[in-house]
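Enquirer: My structure is below; once you've seen it, I'll send some questions.
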Amino acid sequence: MKFITFVFVVLVLCSRCGYDSGKTDPGESTGADTLHYLAPYDSIGIDIGDSCYVFGDIWGQCIFPDGTIGILDRSITSVKFYSPEGVYIREFSPVGSGPGEFLGLDRLGCDEYGNIMLASFYDRKLAWFDPEFSLIEEVMFTSGNRAPMRVYPVPDTGFVVLTSVFQEPDSAGCEVALFRGSDEPETVYRKRLTIFDQMCEYQIATDMIFITDQFGRVYIANRSTDIFNIICYSPEGDTLYCIDQPYEPVRRSQEEIDNEFELARQNWIDAVGTAAGFDWEPPAYQLSIKSMMVDGIGRLWVKGGGIDALYHVFSETGEYLHDCALVMPDWQGVDDWAVHIGPYGIIASTRNPESYPVVYMLEEVTEVGSSSE
């Protein structure tokens, strides 16, 4: 029963962890004098035609140091690579059950040397490959007391991972830790435990949102609906600084709550075979921090509750800089976008695999208007 309920909650928590969504008018975001927003300048993808440019279920995106764009297509367990201009280069499909092989993929990343990080929750496996696709290192989680849920790369082919943890006799929770060469953590940044329960409410109660940057720093926020707090840690686990911001809880729409309830209910049925025993209510309020990303100059981009396409941008030392809106084309009738902001660029794609999957290259635009005195 523990495994079944664990699968259910992970499907709820990790369906698109690490990404942001939505769209809005940039005029709603940052005041009348200066507008900051993200807008597409090019795209990759076609509806019908050459399979090199047709995507199924885009589950991960990454821009490499040389500008190469990697797109993880979960429907074919493959990563396709494109030039900075969007021209197809090659494909990597490590399908199998041997070393460096996966039955499914759900995370893609890179380091400053162009090495490729791949990970799979269902395979319980993390791996680094060099730019020629040769396996460098693999970490396999074999213990039933630890399971990887989210992972981000750090220098020297390391992984910072959010895992579920079980501690005898009856406590359980989540932990953010650095792994390198072993399924035992090298550095633990934060661990949160509570009483184990069959519906896995302990996972929601102890969940954390986190991200790494190109220097190995780790940013962590507890899952919360009423507190905006982020701590930045050094690679060795020392606290570097803390961001505390006033926050007013934002109530979710009833439609959003109903949709999440139905998705969770269906995930439970898929895992168990029946709706019997399903007893879970979605939270009534938005998370104060939904995700975080770090760009190439060390700025932290935080997606919070409220307007779905608004980012709060902080300096590399934690000072608030400005808000930034996401402005995407509306010809597809899509308002749910997966955005990747990393050290080497920004890209976004539609999150719904049933829609026409296009990957957009984005740029940050600043417009300065006249003062309204």
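Enquirer: Any residue in the range 264-277 that's over 18 Å from Ile204 (Cα atoms): show its pairings with residues that are in a helix (DSSP H, G or I) and of a type in the set (Val, Ile, Thr) at Cβ separation under 7 Å, as long as the two are six or more apart or on different chains.
Expert: Correct list of pairs: Ala271/Ile4; Ala271/Val7; Val272/Ile4; Ala275/Ile269.
Enquirer: With the structure loaded, tell me whether Val368 is more than 19 Å from the chain's Cα centre (by Cα), in contact (Cβ under 8 Å) with a residue 12 or more places away in the chain and over 30 Å from Thr239 (Cα atoms) or whether it fails that test. Give the steps one after another, and end with the answer.
Expert: Working: more than 19 Å from the chain's Cα centre (by Cα): yes; in contact (Cβ under 8 Å) with a residue 12 or more places away in the chain: yes; over 30 Å from Thr239 (Cα atoms): yes.
Taking the combined requirement at face value, the residue satisfies it.
Enquirer: Then there's this: Modelled with pLDDT under 95, of a type in the set (Val, Ile, Thr) and touching a helix residue (DSSP H, G or I) at 6+ places or on another chain (Cβ under 7 Å) - does that describe any residue in the range 162-177?
Expert: Within the range 162-177 (the criterion being modelled with pLDDT under 95, of a type in the set (Val, Ile, Thr) and touching a helix residue (DSSP H, G or I) at 6+ places or on another chain (Cβ under 7 Å)), the answer is no, since none of the residues qualifies.
Enquirer: Restricting the search to the range 266-298, which residues are part of a helix (DSSP H, G or I) and among the small types (Gly, Ala, Ser)? Quick ask: steps written out before the conclusion?
Expert: Residues of the range 266-298 that are part of a helix (DSSP H, G or I), as a first pass: 266-272.
Answer for the range 266-298, where residues must be part of a helix (DSSP H, G or I) and among the small types (Gly, Ala, Ser): just Ala271.
Enquirer: Please state which of the following conditions Tyr113 fails to meet, knowing it meets all the rest: (1) within 20 Å of Arg351 (Cβ to Cβ); (2) modelled with pLDDT of 95 or more; (3) among the hydroxyl-bearing types (Ser, Thr, Tyr); (4) surrounded by fewer than 17 Cβ atoms within 10 Å (Cβ to Cβ).
Expert: (1)
For (1) touching a Phe, Trp or Tyr at 6+ places or on another chain (Cβ under 6 Å); (2) more than 19 Å from Pro153 (Cα to Cα); (3) among the acidic types (Asp, Glu), each residue gets a yes or a no:
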| site | (1), (2), (3) |
| --- | --- |
| Ala172 | yes, yes, no |
| Glu184 | no, no, yes |
| Tyr189 | yes, no, no |
| Phe196 | yes, yes, no |
| Ile211 | yes, no, no |
| Val218 | yes, no, no |
| Tyr241 | no, yes, no |
| Pro249 | yes, yes, no |
| Gln254 | no, yes, no |
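Enquirer: Oh, and also: Taking the range 346-361 as the search range and keeping residues that are in a loop (DSSP other than H, G, I, E, B) and more than 14 Å from the chain's Cα centre (by Cα), which one is modelled with the lowest pLDDT? Show your work before the answer.
Expert: Within the range 346-361, the subset in a loop (DSSP other than H, G, I, E, B) is 351-358.
Keeping just the survivors that are more than 14 Å from the chain's Cα centre (by Cα) gives 352-358.
Details: Asn352: 74, Pro353: 67, Glu354: 73, Ser355: 77, Tyr356: 78, Pro357: 84, Val358: 89.
Filtering the range 346-361 for residues that are in a loop (DSSP other than H, G, I, E, B) and more than 14 Å from the chain's Cα centre (by Cα), the one modelled with the lowest pLDDT comes out as Pro353.
Enquirer: Another question, if that's okay. Go through the range 169-197 residue by residue and tally those that are of a type in the set (Asp, Glu) and over 30 Å from Ile136 (Cβ atoms). Spell out how you get there, then give the answer.
Expert: Step one: list which residues in the range 169-197 are of a type in the set (Asp, Glu), which gives 170, 175, 183-184, 186, 197.
With the extra rule that they be over 30 Å from Ile136 (Cβ atoms), the set shrinks to 170, 197.
Within the range 169-197, residues that are of a type in the set (Asp, Glu) and over 30 Å from Ile136 (Cβ atoms) number 2.
Enquirer: Looking only at strands (runs of 3 or more DSSP E) that fall completely inside the range 193-251, which ones have 3 or more residues that are farther than 22 Å from Met117 by Cα? Before you say what the answer is, go through the steps one by one.
Expert: Working: elements: 208-212, 218-222, 228-233, 239-245.
The qualifying strands (runs of 3 or more DSSP E) are 228-233, 239-245.
Enquirer: Tell me which of these Ser182 doesn't satisfy, since it passes every other one: (1) within 16 Å of Ala147 (Cβ to Cβ); (2) in a strand (DSSP E or B).
Expert: Evaluating Ser182 over (1) within 16 Å of Ala147 (Cβ to Cβ); (2) in a strand (DSSP E or B) leaves (2) as the failure.
Enquirer: Now a separate question. Tally time: how many residues in the range 36-53 are aliphatic (A, V, I, L, M) and under 23 Å from the mean Cα position of the chain (by Cα)? Spell out how you get there, then give the answer.
Expert: Going through the range 36-53, the residues aliphatic (A, V, I, L, M) turn out to be 38-39, 44, 46, 48.
In the following step, the residues that additionally are under 23 Å from the mean Cα position of the chain (by Cα) were identified as 38-39, 44.
Residues in the range 36-53 being aliphatic (A, V, I, L, M) and under 23 Å from the mean Cα position of the chain (by Cα): 3 in total.
Quick grid of which residues meet (1) exposed (fewer than 15 other Cβ atoms within 10 Å of the Cβ); (2) under 22 Å from the mean Cα position of the chain (by Cα); (3) closer than 29 Å to Asp308 by Cα:
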| residue | (1), (2), (3) |
| --- | --- |
| Thr239 | yes, no, no |
| Cys242 | yes, yes, yes |
| Pro246 | yes, no, yes |
| Glu255 | yes, no, yes |
| Asn259 | yes, yes, yes |
| Glu262 | yes, no, yes |
| Asn267 | no, yes, yes |
| Gly277 | yes, no, no |
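Enquirer: Being free of Cβ contacts under 8 Å to residues at least 40 places away in the same chain and not in a loop (DSSP other than H, G, I, E, B) is the filter here; which residues of the range 35-50 pass it? Please lay out each step first, then the result.
Expert: If we filter the range 35-50 for residues that are free of Cβ contacts under 8 Å to residues at least 40 places away in the same chain, which is where we start, we get 46, 48-50.
Across the range 35-50, there are no qualifying residues.
Enquirer: I need the full set of residues from the range 51-105 which are among the hydrophobic types (A, V, I, L, M, F, W, C), assigned to a loop (DSSP other than H, G, I, E, B) and either loosely packed, with under 13 Cβ neighbours inside 10 Å or in contact with a His (Cβ under 6 Å, 6 or more places away or on another chain) (or both), in order please. Steps first, please.
Expert: Of all residues in the range 51-105, those among the hydrophobic types (A, V, I, L, M, F, W, C) come to 52, 54-55, 58-59, 62-64, 69, 71-72, 76, 79, 81, 87, 89, 92, 95, 102-103, 105.
Subsequent filtering for residues that are assigned to a loop (DSSP other than H, G, I, E, B) retains 54-55, 64, 87, 103, 105.
Hits for the range 51-105 are Val87, Leu103.
The values are calculated or read from the model by the stated rules, or taken from the named source; none is laboratory data. Worth saying up front: this structure is predicted, and the values here are computed from it rather than measured. Glycine gets a Cβ as well: all are built from the backbone with ideal geometry, and neighbour counts include every protein chain shown.
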